[in-house]
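What follows is a short report on a single structure.
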Amino acid sequence: MTTLSPPTQVRPSAATEYNPKADSRAAKRTRSIVFHALSLALIAVVLYPALWMVSSAFKPSSEIIGNSSIWSSNFSLDNFVTAMGGIGGVSTAQFFANSVVLALGSVIGTVLSATVSAYAFARIKFPGRSIFFGMMIATLLLPFHVVIIPQYIIFQQLGLVDTYIPLLIGKFLAADAFFVFLMVQFMRNLPRELDEAAIIDGAGHARIFCSIMLPLMKPALISSSIFAFIWSWNDFLGPLLYLNSPEKYPLPLALRLFVDQTQSSDYGAMIAMSVLALLPVLVFFLIFQRYIVEGVSTQGLKG
Amino acid sequence: MTQTLTRHRGTAAAPPARAPRRRGADTRAGYTFLLPWLLGFILLTVGPMLSSLYLSFTNYNLFEAPKWIGLDNYTSLFQDERFLQSVGVTLGYVVFGTPLKLAAALAVALLLNNATRGQGFYRSAFYAPSLIGASVSIAIVWKAMFGDQGPVDQGLSFFGINLGGWVGNPSMTMPMMILLTVWQFGAPMVIFLAGLKQIPQELYEAASVDGAGRFRKFVNITFPMLSPVVFFNLLLETIHAFQIFASAYIISNGEGGPAGSTLFYTLYLYLRGFSDFRMGYASAMAWLLVIVVGVITLIFFRTSKSWVHYSGDSK
């Protein structure tokens, strides 16, 4: 504090006293250390369940309960071997394949339908647009439980229960307004001059959409794909309602079956299977975390 | 904007008839592009909503034709003890879980906003649980963690707190479910953090000049400037909390136990509709949920005028 005023000019040679910011720099350093220590401690608490899950998957069942530590000297792959064996005569690889089919179908359907619909909302002027846009926003807030019973009745009468069609058709019809909204927000931030120039050059909306919008939409397309994939991967209620045969089950339903049949006796295998079921999500997250987190923050801000 | 611009340029080059033609083409193109959403909206949302409204006034079990019974479903709901219990469970979860989750989100966002480096890493690490928290896998893990002799029980015993397993104890399942939702504070946190970044730094500098302390700055600058984001998070998280299903289903083996303490609204709706095949009754429950969520949304918007501050700039 004392070094703050005149001395700085009087004694420029003394390095420690010369710098008027030395004091605040030290304070900054302490603040930074406190900040990182606090954040890391919090992260340790928040990520404990995930760490415990991963470590338990490698422990013998007898060590999982009655033991809160992450470490064990008996780590082995036994649980994964049991988990890969599957359940109800269906292999876990089959469940995986089912989940992949559903998730890829969801990604394709969602991205296609949401971009096309969002282009109409964001870039074309037509009567009724603002009314429909309002309705689209309203469906964002609508509890979807109000439609599951009639939807089930319809699909049941069409003989489509126990197929993937009821689970995928909504994705191809942009039923999840979140994605449409995300794309609309993204498109609105793209410069309009591009469309205007293209219109003058005689391009129609199809051309503008394909040649101008789509290439610029890449970040939104990627984050939508990731969310569509992860949500489909984790979806439980949809498959629970529509799928009856175990050989068609995706992982979440297989997990439930596994829990039902082992009745908590083999914790190790149960948790190993949970880890396997989350693995693709975790890998996606590690690779695409930027897109995911950015997607979430922009979605919220422009609300 | 596009409209006026193109029309203006159009008149210079082409005959005046061009503007209306362009508008007609736009209308056609608009509805063509909107088609997937429009079909989905009519076939998968509006249609089913109307038919579930109709079904809610009937007795329907999927196998015989629906029988009109007027308001019977609605009146018997309020004499159904399991229904009333599910309302209580869900309200408790929404009323305690959502504010706690948002408080955690805001606190961590304020902490991370101080970061000079490493913010990206922390933000992602805190966000991770939001991505997996509602999954079946985490529900299984949660059940194991909060079971008798599980790590939570063990950890608390270390401090001399002996609660036993939370999963089997009707008075501890709610705190357990609330912890599960608070654990997923990352998604609203990321949104808060983005909101904090938009607050102009000059405001804080001006406040410092005026001698405002940390607390004053939070109350007079941070919170008002952040209030639209708080409002957005509060609304979405509340609506979301009403719809919790998978975790409750897995943790209670699809029964809502012990002693109905995890019988969430949507779980009871599912059991009524798809185990008992009382689809009219379940439809009445679904419509009641829509009405409640609608009323809550309305109340939020009405009261927001008194505490949500929208600054003049449009962006």
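Annotations for the structure displayed:
- Start at zero, step by 20 Å, and the Cα-Cα distances of chain B spread as 23, 45, 27, 5, 0 percent across the bins.
- Ranking A:L214, A:S274, A:I169 by how far each Cα lies toward the positive end of the dipole of chain A (charges on Cβ) leaves A:L214 at the top.
- Set of lysines near A:K28 by C-alpha distance (under 21 Å), chain-local residues within fewer than 8 positions excluded: B:K197, B:K217
- Neighbours of A:N244 by Cβ distance under 15 Å: Lys/Arg scored +1, Asp/Glu scored -1, total -1.
- Close amide-amide hydrogen proximity is noted between B:T58 and B:I69, each under 5 Å apart and 5 or more residues distant or on a separate chain (H modeled in the peptide plane; Pro and chain starts excluded).
- Entries of A:K59/B:K101; A:K59/A:K248; A:K171/B:K305; B:K101/B:K305 with Cα pairs more than 27 Å apart: A:K59/B:K101; A:K59/A:K248; A:K171/B:K305
- Derived scalar couplings ³J(HN,Hα) [the range B:133-144; Karplus, 6.51 cos²θ - 1.76 cosθ + 1.60; whole Hz; x for Gly, Pro]: x, 8, 7, 4, 4, 5, 4, 5, 5, 4, 4, 5
- Excluding same-chain neighbours fewer than eight residues apart, the aspartates and glutamates reachable from A:K218 by a Cα-Cα span under 18 Å are A:D195, A:E294.
- Extending 7 Å from Cα along the Cβ direction at B:S306 and again at B:S171 yields two label points whose distance is 3.5 nm.
- Taking a ≥ b ≥ c as the square roots of the Cα gyration tensor eigenvalues, the range B:230-303 comes out oblate, since a/c reaches at least 1.5 and a/b does not exceed b/c.
- Modelled spin labels at A:L214 and B:D210, positioned 7 Å past Cα toward Cβ, are 5.4 nm from each other.
- Cβ-based net charge around B:L44, under 14 Å, with every Lys or Arg adding one and every Asp or Glu removing one: 0
- Kirkwood hydrodynamic radius (C-alpha pairs) into Stokes-Einstein, chain A, 37 °C and 0.692 mPa s, D in µm²/s: 138
- The range B:94-126 residues near the modelled A:L47 label - backbone nitrogen below 12 Å, point 7 Å along Cα→Cβ: B:121-126
- Judged by the mean number of other Cβ atoms found within 10 Å, the most tightly packed of the peptides B:94-103, A:99-108 leads the ranking A:99-108, B:94-103.
- Average projection area in nm² (convex hull over Cα atoms of the protein assembly as shown, one quarter of hull surface): 36.9
- A simple spin-label model places the labels of A:S76 and A:Q261 2.3 nm from each other, with each point 7 Å out along Cα-to-Cβ.
- Extension gain from A:Q157 to A:I33, taking 0.36 nm per residue of separation minus the Cα-Cα distance: 38.3 nm
We did not get these values from a lab; they are worked out from the coordinates using the rules stated. Since this is a predicted model, take the numbers as computed values, not measurements. Cβ sites come from the backbone with ideal geometry, for glycine too, and all protein chains shown count toward neighbours.
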